[in-house]
Amino acid sequence: SMAFKTIISRCNRVGLALGLAILALGLGLWLGTRSQAPEPPFEPRSATLVPNPRPLQPFELPDTRGGSFSPETLDGHWSLVSFGYTHCPDVCPTTLAIMDNVEQKLHGTPADGALEMVFVSVDPERDSLEKIREYLAFFNPRFRGATGDDEALHRLTDQLGVLFAKADEVDTALGYVLDHSAHLVLLDPEARLRALFGAPHVPDQIAADIAGILANYPASGQ
């Protein structure tokens, strides 16, 4: 009958509406679950992150700014540190040029101005602070330079896994040669070792990794 058809039609409409409501609810819950799902952890391309970083033990090296490079001077900013010497024939100039390139690539990003570049000479016998300052001016006058006697240097380098020693061979043009670690060290504003960048150094990757680390690992967290 017509009444029966009306009831069936009405039931179909109610069923359709109920089905759409259930579908919408399910979709909403699915989207909500997706939106609340944790983001995947940051995975750097060239950096090795240090788990559970701890503050460095005290060290102090005279620097090219008339002060000292120490845990206290790390406060308030991140630092990318390289180790070498001004007589270094190839690795050190290349590394400093790469650090300058990294700084340029971070310009205009949230990491701009949050990172200081530091060069520590492990050749205090030949590298005075004035000589280091002049050397760094070729690459970027904003870079901080530092050095100290072997005992003072080891108080820092031993904590960071940085090795240096006079090589057996002698370069007739430059005098003695130093073997030294070529990795870059990223220190956070709480004087903790956060990451290591091993060679070969690729500026694009280093800049991207530093930006990611600063964004995902604030100094006050892990």
Worksheet, complete the sentence: Per the filter on region 118-133, residues in a loop (DSSP other than H, G, I, E, B) and either without any contact (Cβ under 8 Å) to a residue 12 or more places away in the chain or not β-branched (Val, Ile, Thr) (or both) are 123, 124, 125, 126, 127, 128
Worksheet item: Within region 53-70, which residues are over 23 Å from residue 217 (Cα atoms), of a type outside the set (Phe, Trp, Tyr) and not in a strand (DSSP E or B)?
Response: 58, 60, 64, 65, 66, 67
Worksheet, complete the sentence: Exactly one of 186, 136 is of a type outside the set (D, E, K, R), part of a helix (DSSP H, G or I) and open to solvent by less than 10 Å² (accessible area, probe 1.4 Å), and that one is 136
Practice prompt. Take region 51-79 and flag every residue that is of a type in the set (A, V, I, L, M) and surrounded by 20 or more Cβ atoms within 10 Å (Cβ to Cβ).
Written response: 61, 74
Worksheet entry | Verdict on residue 86 being among the polar types (S, T, N, Q), free of Cβ contacts under 8 Å to residues at least 60 places away in the same chain and farther than 21 Å from residue 159 by Cβ | yes
Worksheet entry | Only one of 171, 204, 179, 149 that is exposed (fewer than 12 other Cβ atoms within 10 Å of the Cβ), of a type in the set (D, E, K, R) and at pLDDT below 95 | 171
Fill in: Residues satisfying the stated conditions in region 48-83, i.e. out of contact with any Ser or Thr (no Cβ under 8 Å at 6 or more places or on another chain), under 15 Å from residue 158 (Cα atoms) and among the aliphatic types (A, V, I, L, M)
56, 81
Worksheet entry | Which listed residue, of 155, 144, is surrounded by 18 or more Cβ atoms within 10 Å (Cβ to Cβ), in contact with a Phe, Trp or Tyr (Cβ under 8 Å, 6 or more places away or on another chain) and among the basic types (Lys, Arg) | 144
Practice prompt. Check residue 179 against each of (1) touching a residue at least 40 places away in the same chain (Cβ under 8 Å); (2) among the charged types (D, E, K, R); (3) not in a loop (DSSP other than H, G, I, E, B) and name the one condition it does not meet.
Written response: (1)
Worksheet item: Considering region 77-86 alone, what residues qualify as being assigned to a strand (DSSP E or B) and either more than 20 Å from the chain's Cα centre (by Cα) or among the aromatic types (Phe, Trp, Tyr) (or both)?
Response: 78, 83
Worksheet item: When residue 112 is evaluated against the numbered criteria (1) open to solvent by 80 Å² or more (accessible area, probe 1.4 Å); (2) touching a helix residue (DSSP H, G or I) at 6+ places or on another chain (Cβ under 9 Å); (3) among the acidic types (Asp, Glu), which criterion, by number, is the only one it fails?
Response: (1)
Response to the item:
Going through region 87-117 in order, the residues found to be under 19 Å from residue 198 (Cβ atoms) and either outside any helix (DSSP H, G or I) or in contact with a strand residue (DSSP E or B) (Cβ under 6 Å, 6 or more places away or on another chain) (or both) are 88, 90, 92, 95, 99, 115, 117
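The values are calculated or read from the model by the stated rules, or taken from the named source; none is laboratory data. Just so we're clear, the structure is a prediction, and the values are computed from it rather than from any experiment. Please note: Cβ atoms are built from the backbone with ideal geometry, for glycine as well, and neighbour counts cover all protein chains shown. Areas reflect the complete protein model, heavy atoms only, side chains present, ligands, DNA and RNA absent. Shrake-Rupley method; radii C 1.70, N 1.55, O 1.52, S 1.80 Å.
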